[in-house]
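No lab work stands behind these numbers, since they all come straight from the coordinates. Keep in mind that this is a model prediction, so the values were computed, not measured. Every residue, glycine among them, receives a Cβ derived from its backbone with ideal geometry; neighbour counts consider all protein chains shown.
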Amino acid sequence: MKILISNDDGYRARGIRVLRESLQGLAELTVVAPDRNKSGAGHSLTLDVPVRVGKVEPGVFFVTGTPTDCVHLAISGLFDFDHDMVVSGINDGENLGDDVLYSGTVAAAIEGRFLGLPTVAISQCRPPLSAEPRFETAGHVARLIVAKLLREPLDRAMILNVNVPDRSISELRGIVATRLGYRHRSEAAIKAADPRGRPVYWIGPSGAGADAGPGTDFGAVADGFVSVTPLQVDLTRHTALPELTGWLGALEP
Ligand code: MN
């Protein structure tokens, strides 16, 4: 059994080190992660320049690219063996609701969707910026979930998006299946000036949870539960197909 580990915070991040330690002994582990923090990279591939791969130590590699580059390379050409699943994280910060569209952590997991087992993205909700995230809590949860997947596999097309509340292991109230909630609109971009007086912008922080009640990923972590959301790649709005078919019917090419 071979597990590929990646992330979007970069190969030096504490979260990916804790993840690797946590999964030790469950399978053969290989780390392929970006050379720097690529949070917010979404599902982007680097196509305009070549990417380089460096070996940090046996079984740990960095790529001068995005999280998707890392997993894509790792499962299509970098190695002379196949992986069975991808585990991505542990992200420094939550990936709830709309976050999954921007998240490099989730994108890395999605990129492993053609492998034999479901892939897992795992994120540790943060305390205030002054404090350290409790990666050991997410590490404990990652081991539980991966061990269960190895014992009792789920449909391999499933991507599990796991968010762990900012609590110690003993304070966790449970592990529950959730749906994605969604956020209010992001806060406005922040305008500043460069040293020559030209305007620059900082993308503003994401909005608070809007659909964040019972049954959602937001609701679960707020109540102290580990949230596990099953994701799929098909973005089709299936319920809209009849209406759209009728609406298009009057249009002549
Ligand atoms: Mn990140």
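At a glance:
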{"read-out": "Listed residues 185, 12, 173, most fluctuating in the chain (Gaussian network, C-alpha, under 10 Å)", "value": "185"}
{"read-out": "Using distinct alpha-carbon pairs, which all enter the 1/r mean, Kirkwood radius of the chain in Å", "value": "19.1"}
{"read-out": "Cα-centre dipole for the chain with unit charges at Cβ (Lys and Arg positive, Asp and Glu negative), debye to 20", "value": "480"}
{"read-out": "For the stretch 38-147, the fraction of alpha-carbon pairs in successive 5 Å shells from zero, as %", "value": "2, 11, 19, 22, 22, 15, 6, 2, 0"}
{"read-out": "Spacing of the two label points (7 Å from each Cα toward its C-beta) at residue 150 and residue 184, in nm", "value": "4.4"}
{"read-out": "Isotropic mean projected area of the C-alpha convex hull, the stretch 1-81 (nm²)", "value": "5.3"}
{"read-out": "Size of the stretch 154-247 as Cα extents on the principal axes (Å, biggest first)", "value": "56, 54, 26"}
{"read-out": "Gaussian network model of the chain, Cα within-10 Å springs - most flexible of 143, 237, 183", "value": "237"}
{"read-out": "85, 158, 1 arranged by Cβ crowding within 10 Å, fewest neighbours leading", "value": "1, 158, 85"}
{"read-out": "Dipole of the chain [Lys/Arg +1, Asp/Glu -1 at C-beta], most positive-end residue of 95, 159, 130", "value": "130"}
{"read-out": "Residue-averaged [θ]222 nm for the chain, counting only DSSP H segments that reach four residues, each worth -39500 (n - 2.57)", "value": "-7000 deg cm²/dmol"}
{"read-out": "Pair residue 81, residue 171: separation of 7 Å Cα→Cβ label points (nm)", "value": "4.0"}
{"read-out": "Integer Hz, Karplus 6.51/-1.76/1.60 couplings in order for the stretch 149-160, x for Gly and Pro", "value": "4, 5, 6, 9, x, 9, 3, 6, 7, 8, 10, 9"}
{"read-out": "Exposure rule at most 16 other beta-carbon atoms within 10 Å, DSSP loop chymotrypsin sites (Phe, Trp or Tyr not before Pro): the chain longest free segment", "value": "115-253"}
